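Here is the structure we will look at.
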């Protein structure tokens with residue numbers, strides 16, 4: 001393996017480790033915060049918080065246009081090219097646009113405040129609460145603009161510090177407000193969290209050197225349209241996903257009742273806890289890196305393969321641990337009533353490595369700024385998944401949802417690979433193919449063992465396969481990034497300092 005490839009693998013692993021650690025830290029802080037909040041504001045407080053946040057989230061999606069995320073591509077591209085002039089113009093344009101979208105969200109919320117209160121609470125008692133919370137649109141929009149600069153310039157450590165400090169400060173500000181003001185502290189706590197997020201993102205983003213440039217407002221408007229176009233397609237995709245999620249829940253409720261819906265949603269929720277943070281951690285650095293080489297098809301192909309390899313090496317052992325711990329984890333997080341979700345969630349283990357590959361491919365259109373193509377591919381994936389789940393549930397019940405998950409990703413990944421082979425000369429590397437085949441085989445064997453062997457023997461085999469997967473991952477990671485050599489160098493340096 002050449003030095004260039006090894007360095008690329010190291011960047012992927014480093015970013016995933018840092019952002020993954022950040023996710024774990026914030027989850028831990030969130031659990032503590034949730035526990036304290038539950039004792040201070042109770043279920044009523046959580047209900048009020050949800051009823052306030054849900055409509056605000058929808059308005060934010062529509063008025064924000066996804067600019068904070070879509071602009072990362074432009075920032076990453078200009079920064080990688082070393083074009084300081086264009087980089088500065090892009091940053092200035094973004095900062096102007098987020099003020100406009102933030103003020104738009106604020107204005108829409110103020111105008112609809114009484115209607116939002118009636119639709120959420122059945123009265124107008126929370127009108128002024130929505131008016132007060134309208135400021136969070138401006139704070140959040142400006143904060144997203146600053147965060148885009150950090151992500152686009154790949155300031156990994158600064159981004160991680162901002163998120164971690166924000167999580168701690170969010171807890172330190174909200175808990176006292178709940179303690180002293182009870183339910184009346186909910187609105188100030190939400191606003192305080194937005195202020196904290198803005199201050200931190202602003203502080204760290206200001207450390208990125210940006211050249212002073214003159215850009216007229218008309219130029220900013222024209223240049224920012226590309227952000228808005230891509231962001232609008234991403235917003236449509238997000239809304240489509242939300243609509244489908246609601247539609248599938250309604251379908252399952254009609255076919256099997258509300259208890260089935262509870263099991264269905266809890267199954268996805270527990271899966272998200274296990275692997276969602278891994279995908280979030282990888283995306284934080286992968287998107288800007290891929291954007292920076294989006295004009296070179298060979299580099300795009302190499303980077304997609306490398307990202308998928310690292311993803312499989314991380315997700316594979318996690319899914320085997322997930323399979324092994326389900327009978328303990330579900331009663332721990334929920335109650336024994338939810339054990340019926342196990343057959344469904346076991347199938348997810350087989351499909352998750354396919355999702356890693358599909359997820360890695362899904363960023364290509366985004367990185368290349370092809371908004372219409374991105375939406376089309378998302379639409380294809382959504383249609384495949386929706387029809388698969390409806391068919392799977394109709395035939396096999398809740399377990400059929402798990403079967404559908406596997407089938408949908410087989411179809412989706414096959415479609416994506418063929419599409420990019422034909423349009424961009426993309427190719428699956430030999431290393432990725434062998435790695436996927438080996439780890440997938442371990443996942444299938446583990447699934448079959450817990451599914452068909454008596455409990456003791458099944459889970460014993462699963463444990464042995466988990467150990468094999470960890471050893472395989474460690475071996476393959478060491479081949480790619482030589483972390484044992486890095487560890488030895490770190491150890492020597494530490495000894496010198498002592």
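Values quoted throughout were computed directly from the atomic coordinates according to the rules given, and no laboratory measurement underlies them. As the structure is a computational prediction, the values presented were derived from the model and not from experiment. Virtual Cβ from ideal backbone geometry, glycine too; neighbours counted across all protein chains shown.
One table, with the values for the structure above:
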item	result
Span from the region 368-406 Cα centroid across to the region 130-146 one, whole angstrom	33
Calculated Rg and Dmax of region 188-303 using C-alpha coordinates, Å	20.8, 61
Residues residue 299 and residue 482, FRET efficiency given R0 of 30 Å [Cβ-Cβ distance, rounded to 0.05]	0.85
Relative contact order computed over the chain (Cα-Cα under 8 Å; 6+ residues apart), in percent	19
Kirkwood Rh, Cα atoms: Rg over Rh of region 234-498	1.00
Full-stretch length increase - residue 103, residue 125 - with 0.36 nm per residue and alpha-carbon distance subtracted	5.5 nm
Efficiency of FRET from Cβ geometry, residue 83 and residue 203, R₀ 30 Å, rounded to 0.05	0.70
Nearest-0.05 FRET efficiency for residue 325 and residue 451, computed from C-beta distance (R0 25 Å)	0.95
Spin-label pair residue 58/residue 253, simplified geometry with 7 Å Cα→Cβ offset, distance in nm	1.4
Between region 171-219 and region 225-283, the Cα center-to-center distance that results, in Å	27
Whole-number D in µm² s⁻¹ for region 15-215, Kirkwood Cα-pair radius fed into Stokes-Einstein, 25 °C, 0.890 mPa s	136
Taking N as its residue count, the alpha carbon Rg of region 120-193 over 2.2 N^0.38 Å	1.36
Estimated [θ] at 222 nm from DSSP helical runs (n ≥ 4, -39500 (n - 2.57)) normalised by residues in the chain, nearest 500	-31000 deg cm²/dmol
Relative contact order (%) - region 234-498, alpha-carbon pairs under 8 angstrom, separation at least six	24
Relative contact order (%) - region 15-215, alpha-carbon pairs under 8 angstrom, separation at least six	29
Linear extension gain, residue 421 paired with residue 461, 0.36 nm per residue minus alpha-carbon span	10.6 nm
Highest-first arrangement of 198-209, 247-258, 146-157, 8-19, where packing means the average Cβ count within 10 Å	146-157, 8-19, 198-209, 247-258
16 Å reach of a label modelled at residue 219, 7 Å along Cα-to-Cβ, counting backbone N of region 59-96	83-96
Pairwise label distance in nanometres, residue 265 with residue 24, each label 7 Å out on the Cα-Cβ vector	3.0
Within region 341-375, backbone nitrogen closer than 12 Å to the virtual label 7 Å beyond the Cα of residue 244 toward Cβ	375
Segment residue 387-residue 114, length gained on full extension (0.36 nm per residue, minus Cα span)	94.4 nm
Label point distance in nm, residue 475-residue 10, each placed 7 Å from Cα along Cα→Cβ	2.4
